[in-house]
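The structure under discussion appears below in the form of structure tokens.
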Amino acid sequence: MILAVFFFHSSEYVLAISFHGSSSVTLQSLLISKNYLFAMLFSLMEYFVEIFFFPGLKEYWWISNVGLLMVIIGEIIRKLAIITAGQAFTHLIKIHREEHHKLVTHGVYSCVRHPGYCGFLIWSVGTQIMLCNPISTIGFAIVVWKFFAERIPYEEYFLRQFFGPQYEEYAQRVPSGVPFVE
């Protein structure tokens with residue numbers, strides 16, 4: 001899991017630099033917040049407590065392999081989103097349309113409107129399934145889903161302002177990529 005977390009954030013940072021230049025990229029591009037660090041530390045604590053008190057919970061290798069598959073799939077979806085959108089992909093929601101801003105509807109964006117969020121949701125829950133952490137699996141699923149359930153409508157308000165009927169038609173045709181979030 002530590003390798004998955006390291007690869008996720010370092011590749012995220014490298015891609016941000018490649019599309020936006022090193023002068024425009026800050027540590028925020030690593031997507032690490034206090035809440036995120038707390039969640040990761042809690043998941044590691046859960047892992048070690050359960051290994052000590054309930055070692056049988058960690059013996060289901062097929063569950064770990066399902067989690068690993070989710071981590072890989074989530075990583076691929078998110079990185080495809082970043083690469084496909086290029087400069088249009090940012091970690092912070094833009095509230096003003098910029099020159100390079102274009103509506104991306106091809107590639108992975110033809111399947112889901114928010115593949116970066118979809119990929120992160122799959123990846124983050126997968127990290128916990130990989131560790132056979134039942135509490136953190138549920139916690140990550142709820143917290144990450146809630147974050148995106150609030151973020152997507154906020155972001156889409158601006159996308160509708162930027163792209164008008166073009167975005168409306170796209171939103172009608174393509175699902176958000178986050179379950180139960182339209």
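The values are calculated or read from the model by the stated rules, or taken from the named source; none is laboratory data. Just so it is clear, the structure is predicted and the values come from calculations on it, not from any experiment. Cβ atoms come from the backbone with ideal geometry, glycine included; neighbour counts cover every protein chain shown. Ligands, DNA and RNA are excluded from the accessible area calculation, which covers all protein heavy atoms including side chains. Shrake-Rupley method; radii C 1.70, N 1.55, O 1.52, S 1.80 Å.
Data overview
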read-out	value
18 Å Cα-Cα reach of Lys102 towards aspartates and glutamates, excluding residues that sit fewer than 8 places from it in its own chain	Glu155, Glu156, Glu168, Glu169
In the stretch 34-90, the GluC sites (Glu not before Pro) that fall in loop regions by DSSP, at most 14 other Cβ within 10 Å	Glu59
Contact order relative to length of the chain, as percent, for alpha carbon pairs under 8 angstrom and 6 or more apart	26
Percent accessible area from carbon and sulfur atoms, the chain, protein chains only, probe 1.4 Å	72
Global geometry of the stretch 1-102, whether rounded, prolate or oblate, following the gyration tensor of its Cα atoms and the 1.5 cut on a/c	prolate
Shape parameters for the stretch 75-116, alpha-carbon atoms, Rg then Dmax in Å	10.1, 29
Glu169 versus Val5: modelled label distance in nm, points set 7 Å from Cα along the beta carbon direction	4.5
Three principal axis lengths of the chain [C-alpha, angstrom, descending]	56, 37, 25
Förster radius 22 Å - calculated FRET efficiency between Thr26 and Ala88, Cβ distance, rounded to 0.05	0.75
All lysines inside 20 Å of Lys34 as judged from Cα atoms, apart from same-chain residues fewer than 8 positions distant	Lys146
Accessible area per residue in Å² at 1.4 Å probe, computed on the chain	58
Loop-exposed chymotrypsin sites (Phe, Trp or Tyr not before Pro) per DSSP, neighbour cap 16 Cβ within 10 angstrom, longest uninterrupted part of the chain	61-179
Net charge of neighbours whose Cβ lies under 12 Å from the Cβ of Gln166, counting Lys and Arg as +1 and Asp and Glu as -1	+1
Label-point separation, Phe38 to His96 (7 Å along Cα→Cβ), nm	3.3
Exposure rule at most 14 other beta-carbon atoms within 10 Å, DSSP loop trypsin sites (Lys or Arg not before Pro): the chain longest free segment	1-93
Proximal aspartates and glutamates relative to Lys79, as straight alpha-carbon distance under 13 Å, when same-chain residues fewer than 8 apart are discounted	Glu12
Three-way shape call for the stretch 19-73 based on the alpha-carbon gyration tensor, with the a/c threshold at 1.5	oblate
Per residue, the convex hull volume that the Cα atoms of the stretch 78-182 enclose (Å³)	95
